[in-house]
Amino acid sequence: MKLDLLEKTELFVTNIELASVNLGAAAAAVAQVLGLEANEVAVVDVREGILTLDILKPYVQLEQIIGKEKEILRSLQALPGVRITAETLVHSEGVLGMVCLDPVETPGLVERIQDMGNQVNLAVSRRIRVFPTGSEIITNYIEDTNTPFIVEQLNREGYRAVAGPVLEDDLPMVVRALQGAVEEGFGIVITTGGVGAEDKDHLVEAVQKLDKEAAAPYLVHYHQGQGRHRKDGVRIAVGQADWTMFVALPGPHDEVRLALPVLIRGLHEKWDKYRLAAALAEVLRQKWAGITPDRQGRHNP
C-alpha cells in the first residue's frame, strides 16, 4: 500500500551516542532496512543525542516502514562509533511514525490498514468533478451542453459525478481549481474545452503542471503562429496527481459524445493515463481526419 508522506519525510533518532560516525554509512544502513535505494535516504542534521534522517521521496510502501524501529536501531548499532541505549528511540511527526509500531502486531494491522486504504481508494475513484471552461460560457454566449451530459452518463454508470464551476481562460486559476479537486478527494476530474491552439487555451498546460509526465497526444497539427494558432496543434491530456486522474477533453459537444464511451470503458477497466489518452485521441482523430484546413481554422476546441 503506497503512503503519501505529505512532506513530513524526516526520521529522528533520539538518545543516540555518536563518535566519528560515517554519516553516509548511517543513511545507507537505514535505507537498507526500509527497502530504499542508498541515495533515497540522507542524514540532514546531527546534534548531541539526535540523528535526523530525511527520506528523499514523497511516497513509501506501508510494508517498508511499519514496525521497523528495532531493526533500524540494530542496523545503526552495527556501525563503528554508534552506541544505542535502552532510551534510544526512532520517531517522526508524520506517517513515518509507524516505524515505532510493535512488530508483533503489524501483520494483522497491515491487512486492516490495506483494507481501509482499498475502501478509501474505491470511494475516491468513484467521485468525479466536471469542469466546463471558457469565457464564452461564462458570458452566456454559448450553452454548456457538455457538463449535464457527462454528469448524467457517469451517474448512470454508478459514479458520483458533480458539476464544477466554469473555469476562466487563465492558467494559474485553472491549476488552482484542479489542485483543489484533488484536495477535496475527487478521483477523476474531467474538463471540456481549452485544449486548442489559441493563446487562451490552457488546459493541457494545466494538467502538465500537475503531472509533468502527463500523456498529451495531438489530434491535429498546425503551423505555429499561422492565423489564430499560437500553438502547434490541438491536444488532449490525461494526467495523474496523487489519487486523482485528470482528463482534458475538447469543447465541441459532438467530440465529447465520441470520447465519453471510451472514457467510461477506460475507467471501468482501470486503464493507465497513457492507454486512456491514446484511446481517446484515436477516436477523436477519426473526426478530425475529415475536416479541411479551412474548417480546422474555424474549429473551437
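Structural remarks
- Residue within segment 146-167 that is polar (S, T, N, Q), at pLDDT 90 or above and over 19 Å from P250 (Cβ atoms) present: yes
This table checks each residue for (1) modelled with pLDDT of 95 or more; (2) on the phi > 0 side of the Ramachandran plot.
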{"residue": "Y222", "(1), (2)": "no, no"}
{"residue": "G227", "(1), (2)": "no, yes"}
{"residue": "D232", "(1), (2)": "no, no"}
{"residue": "Q240", "(1), (2)": "no, no"}
{"residue": "P252", "(1), (2)": "no, no"}
{"residue": "P261", "(1), (2)": "yes, no"}
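- Residue list for segment 161-173, restricted to those being within 10 Å of T191 (Cα to Cα) and within 20 Å of the chain's Cα centre (by Cα): G164
- Scanning segment 192-204 for residues that are touching a Gly at 6+ places or on another chain (Cβ under 9 Å) and on the phi < 0 side of the Ramachandran plot yields T192, V195, G196, A197, K200, D201, H202, L203, V204.
For every residue, the table says whether it meets (1) hydrophobic (A, V, I, L, M, F, W, C); (2) closer than 30 Å to I190 by Cβ; (3) modelled with pLDDT of 80 or more; (4) more than 24 Å from the chain's Cα centre (by Cα).
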{"site": "L89", "(1), (2), (3), (4)": "yes, no, yes, yes"}
{"site": "D102", "(1), (2), (3), (4)": "no, no, no, yes"}
{"site": "M116", "(1), (2), (3), (4)": "yes, yes, no, no"}
{"site": "A123", "(1), (2), (3), (4)": "yes, yes, no, no"}
{"site": "R126", "(1), (2), (3), (4)": "no, yes, yes, no"}
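- A single member of V30, V90, V13 is within 30 Å of A241 (Cα to Cα) and not aromatic (F, W, Y), and it is V30.
- Residue match in segment 175-191 (condition: in contact with a helix residue (DSSP H, G or I) (Cβ under 9 Å, 6 or more places away or on another chain), modelled with pLDDT of 95 or more and farther than 16 Å from F246 by Cα): no
- Some residue of segment 252-263 being under 18 Å from W288 (Cα atoms), out of contact with any Lys or Arg (no Cβ under 9 Å at 6 or more places or on another chain) and small (G, A, S): yes
- Looking at E7, E63, E40, E48, just one residue is more than 23 Å from the chain's Cα centre (by Cα) and either surrounded by fewer than 17 Cβ atoms within 10 Å (Cβ to Cβ) or not assigned by TED's automatic domain parsing to the domain that holds E183 (or both), and that residue is E48.
- In segment 239-294, the qualifying residues are those that are assigned to a loop (DSSP other than H, G, I, E, B) and within 20 Å of the chain's Cα centre (by Cα), and the one that is farthest from D169 (Cα to Cα) is E269.
- Matching option when the condition is in a loop (DSSP other than H, G, I, E, B) and either surrounded by 21 or more Cβ atoms within 10 Å (Cβ to Cβ) or of a type in the set (V, I, T) (or both), among V189, V195: V195
The values are calculated or read from the model by the stated rules, or taken from the named source; none is laboratory data. Model, not experiment: these values are computed from the prediction. Because the Cβ atoms are built from the backbone with ideal geometry, glycine has one as well, and the counts that use them run over all protein chains shown.
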